[in-house]
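Read the figures in this text as sums done on the coordinates, not as results from a lab. The structure displayed is predicted, hence computed values, not measured ones. Using ideal geometry, Cβ is built from the backbone for each residue, glycine included, and neighbour counts are taken over all protein chains shown.
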Amino acid sequence: MNRKLRCGLLLLGLLVACATLADFLSPYDPAEQHREFPFAPLTAIHIGTAESFWRPFVFNGQQYPLRFFVTGAPYRLLGFIPCRTHLFGVQEPARIFLLGSDGLGRDVFSRTLYGARLSLTIAAVALLVSIPLALLIGTLSGFYGGWIDFICMRLMELFLALPALYLIIALRSALPLGLEPEKVFLAMVMVIALFGWANLARIVRGATLGLREREFVQAAIALGASDARIIVRHLLPNLTGLILTQAALAAPSYILAEVSLSYLGLGVPEPLPSWGGMLASVGGVGQLGTYWWNLAPGAAIFMTTLAFYLLAEGLREWSDPARK
Amino acid sequence: MLKAGKAVLIFCGLLALASAGCGKSEDAKRPTGANRLVISKSAGPRTFNRLLASDEQTSSLGDCLMGRLIRINRQTQQPEAELATSWQISADGTALTCELRRGVKFSDGTPFTADDVAFTFQVLNDPAIASPASFDFDGQPIKVEQLDSHKIRFVFPAPQAAAERFLDGVAILPKHSLEPVYREGKFAQAWTLATPPEQIVGLGPFKLKEYVAGQRVVLNRNPHYWKKDSSGNQLPYLDELVFNLDPDRSTQLLKFQQGETDLLSPVNADDVAALASLEQQGKIKITDLGPSLIREIFWFNLNDGKQKNGKPLVDPMKLVWFKDLRFRQAVSHAIDRNAIANLVFSGKASPQWSFLSSGDKLWFNAEVKTYPHDLNRAKSLLAESGFRFKSETELVDAKGNPVTFTLMTNAGNAIRQKISAVIQADLAKLGIRVVLTSLESRAMLSTINDSLNYEAALLAIVSGDADPNSHVNVLSSNGLSHWWHPQQSKPATDWEARIDDLMKRQTSTLDSTERKKLFGEVQTIMAEQQPFIFLASRHLIVAAKFDIQNLKPALLPDFMLWNCEELRR
């Protein structure tokens, strides 16, 4: 493993951990509106109370010590363990907003963590849909050539040529109004995957075309191996590195697709926090400078994209036979 | 693959296209400050013919170019004499006689007479022209009688209260230049955006100098304008008015901050903080005019009709809740309007319960039922109606169905997104689950106007004038904007029938105290019945460069430019 791969994996691992443990790490429920604290700036954490000189505390008229493993809003850890313990918190009426609060007094830190969950899930699910599709169509097209290739290629080109954003907006207005947020999420993933597979399939086809002419494939054909066996045993294993790299490259674009959609207000509805939706609420130039901490999701998007690109670069080097 | 990068590019591309010329155009190089005002507009006019479009941009530009017989003083909200020096309403209220100003000339020097007024109304009453400014009374047009060269009488089929106010929307057209095209049947093609500027002839303080599509509209002073100030100086004071077309609000704000434009109206409550330092330096003046005529509302769909496929427009189970007065009142009580005012509008809004905003000072009825934030009251109202709590977080109706509905609003509007999040959180405390959904604006409008298959919607309504007649479209049960149940063939409920009756009576009542009483009752009913759940009226905030004098910002549009002839610097 090279350094880029390790850095990428570490960063991504960190993000995945944050997303999985979002409920535990965040001091508040992401939808909770602390209405007395709209656009609160980052809470300053001071060190050293009267009792102990190292004790961190926040100040809200008086000192409120920062406490760890506090009881707060109920949630289900990992989705099934009922739990009320949060990593840290302060006693009310003080609040702790590590990254400030938004216009409705919701904790930006908690929302950013929960947003990571949404974004990473979208990337993962969309990849799970688009990669098999791309593999299937790409290998068939590259391996058989001829009219199958012709049809598949035209299909890919169709999807590559469609103006995705407009189509998605149209799709969204065609969907029934009263769609539950979870279903909207699912629909969005499907749409993203639907537009995501074509480019991947093109790359897979290109690689398959090259592989088909290689000696070991020709040998297998000469030995009378079935098409299925050739594809599964000879082609696919050789495509692994390529697919992993391409997946790592595609993931951030899927995440950005969700961000763009939510930014336009057509993504996952409230109360589910999403990075794009959070950024949209401070989209005006007047708020940008004044309430800059609401740009935290932007930093999160940057980190995620960086993680995936490091991973892709690392994977490319790792799978490059010339370097082995 | 869906290229998000591409998507963002498309988006940015649109902005770049739309705000072309907002970089360093020649405007920026010209000195501002001289005797001109530069203003950002979100869009250009649709036409230079004020009678052919009623959108905000066309009318605000049209009012600078064209003259009217009577103008509503935006500040006092009362009519004042313009091209009519005086007017009289007959004792029975069916006729309005106007004495026209003498010695007035169009911007090309042709004298103005009663012929021009008669011609304007001929066009206005022509069904083939279908002017949005046209006015009829139960299908009958206004009759115009030309008494002499400077006297004209309008005759209405029935007594008409506040008859003179409608003249504010009627721009007087020059007969000499438009009659030939009108006779040829080409009126709609005259005075379009492609018409050479010198052909646009009007009685307003300014005339058209230049129009560059997508970039700017430039007006310069009309040398023949009739109005003089108290010391006899010819108005307008300004030589030029420049409208830059900047569709993006952020661009408008930035340009104002940079001093490239001279006025900003309205200023978003969120942006006031960004302008505060400029105000402290004395470079600009920010004025908060208090509650505007824009009211944020949400409502339940009370239509009991069917869709084309035979399915009901609203789930019958939910329609029962929505039609239940106590349900609507409970919802109204559950909403924390102060939170909306404070969180969504940074405190620059007033909670609202009544149909009118308190800014509608001539007609506002303060004595209506209010719905202070009171969860216990809401819960007891729901209990009276048979709703009960299945658990702490789930309200069910008498038959055990969980209470949930979808609230629709327009996408990309940060204010509405925030309001809907507040409503969602507040109703969750009542055990009502609100699913939020955003639609692109046009799709939303077609849903609430045509397809009608939705459960609840969040929007704003705005008054066109400070007079009860301007609300007929919303209040009458057959009105197009009677959104909770539009275009009824006959009133669906007793209280809607009562409102119809009151609205009809106030239209023909000449005594203004009596009218105020009638319209006051309409407001009482609206507050009691809560077909619209009113939330807040945002303050109108405007900002201007420090050196602009005679500004009389007001709640009626155009907020800053309605008295453009008097502005000076």
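Quick look at the numbers
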read-out	value
Cα-based helix-to-principal-axis angle, A:236-263 vs chain A, degrees rounded to 10	40 degrees
Ranked by how many other beta carbons lie within 10 Å on average, peptides B:445-456, B:111-122 from highest	B:111-122, B:445-456
Assigned charges on the beta-carbon of Lys, Arg, Asp, Glu; the protein assembly as shown dipole about Cα centre (debye)	2000 debye
Average partner coverage of A:259-266, which counts Cβ from other chains inside 10 Å	5
Between 0 and 90°, nearest 10: helix A:108-144 axis offset from chain A longest Cα axis	0 degrees
Packing-based ranking, highest mean first, of B:173-186, A:281-294, B:255-268 given that Cβ atoms within 10 Å are counted	B:255-268, A:281-294, B:173-186
Tilt relative to chain B, helix B:414-428 - C-alpha long axis, 0 to 90 degrees, to 10	20 degrees
Cβ charges +1 (Lys, Arg) and -1 (Asp, Glu), total dipole of the range B:326-406, debye	80 debye
Distance (nanometres) between label positions extended 7 Å along Cα→Cβ at B:Ala497 and A:Val16	6.8 nm
Sequence-separation-based contact order of chain A, relative, with Cα cut under 8 Å and 6+ spacing, percent	25 percent
Spatially proximal aspartates and glutamates relative to B:Lys517 (Cα-Cα < 18 Å; intrachain offsets below 8 disregarded)	B:Asp360, B:Glu367, B:Asp467, B:Glu496, B:Asp500, B:Asp501, B:Glu528
Residues of type lysines that B:Lys143 reaches as a straight line, Cα spacing below 21 Å, ignoring anything fewer than 8 places off in the same chain	B:Lys151, B:Lys175, B:Lys504
Where GluC sites (Glu not before Pro) fall in DSSP loop in the range A:199-266, at most 13 other Cβ within 10 Å	A:Glu213
Average other protein chain Cβ within 10 Å of Cβ, residues A:281-290	6
Stretchable slack from B:Ala158 to B:Lys283, in nm (0.36 nm times residue separation minus alpha-carbon distance)	39.7 nm
Greater than 31 Å apart at Cα, pairs in B:Lys418/B:Lys516; A:Lys183/B:Lys369; B:Lys255/B:Lys348; B:Lys348/B:Lys545; B:Lys41/B:Lys306	B:Lys418/B:Lys516; A:Lys183/B:Lys369; B:Lys41/B:Lys306
